[in-house]
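The values are calculated or read from the model by the stated rules, or taken from the named source; none is laboratory data. The structure presented is a predicted model; accordingly, all values stated were derived computationally and were not measured. Counting neighbours? That spans all protein chains shown, and the Cβs are built from the backbone with ideal geometry, glycine included.
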């Protein structure tokens with residue numbers, strides 16, 4: 001998929017599989033996507049993804065968007081009982097009464113009214129936000145740090161399908177080498193500054 005961190009060719013190179021080696025091709029495609037999903041679970045989206053109509057409870061003056069980093073806001077709609085209002089982004093030159101301000105550092109979406117913080121209407125799931133989350137617009141623009149992290153993670157995951165050989169007496173015996181963890185420690189260190197609190201991995 002174009003939202004995967006590694007292309008099929010990159011993944012094949014990581015695993016030292018030639019272009020003519022089509023064995024396990026469908027499995028490799030699944031592994032590439034699974035590695036992307038696992039890394040995004042702990043650091044957020046890598047390639048831009050549109051999050052449609054994410055719902056939050058109102059009542060406070062800010063909400064925290066679930067997927068980070070946030071690249072842009074498409075639409076914010078609040079419901080006061082059954083009355084819908086579409087909010088407008090605040091800027092240094094525009095201070096609308098039905099406004100919002102995005103803190104791109106922590107993903108907080110702050111309700112604003114004429115240059116002041118106010119509260120969203122009280123309600124359950126009454127603030128709907130559509131936005132784009134991620135770091136890179138396309139697969140081709142992903143930088144090497146994320147490519148390397150995905151490569152190491154894929155190499156670790158692929159061990160289950162690569163036979164290894166151990167010496168037993170005078171014989172060489174094939175053995176499966178099943179991974180005991182999904183994300184190698186080297187990847188955790190490589191991406192430590194972007195690790196999401198509460199991910200449950202390396203917290």
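Observations
- Cβ pairs under 6 Å, 6+ apart, first in the range 70-83 and in the same structural domain as residue 127 (by TED's automatic domain parsing), second outside any loop (DSSP other than H, G, I, E, B) and loosely packed, with under 12 Cβ neighbours inside 10 Å: 77/84; 77/86
- Residue check for residue 121: within 24 Å of residue 104 (Cα to Cα), over 28 Å from the mean Cα position of the chain (by Cα) and either at pLDDT below 60 or not in a helix (DSSP H, G or I) (or both): yes
Residues checked against (1) part of a helix (DSSP H, G or I); (2) at pLDDT 95 or above; (3) within 20 Å of residue 141 (Cα to Cα):
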| residue | (1), (2), (3) |
| --- | --- |
| 4 | no, yes, yes |
| 23 | no, no, no |
| 33 | yes, yes, yes |
| 39 | yes, yes, yes |
| 50 | no, yes, yes |
| 54 | no, yes, no |
| 60 | no, yes, no |
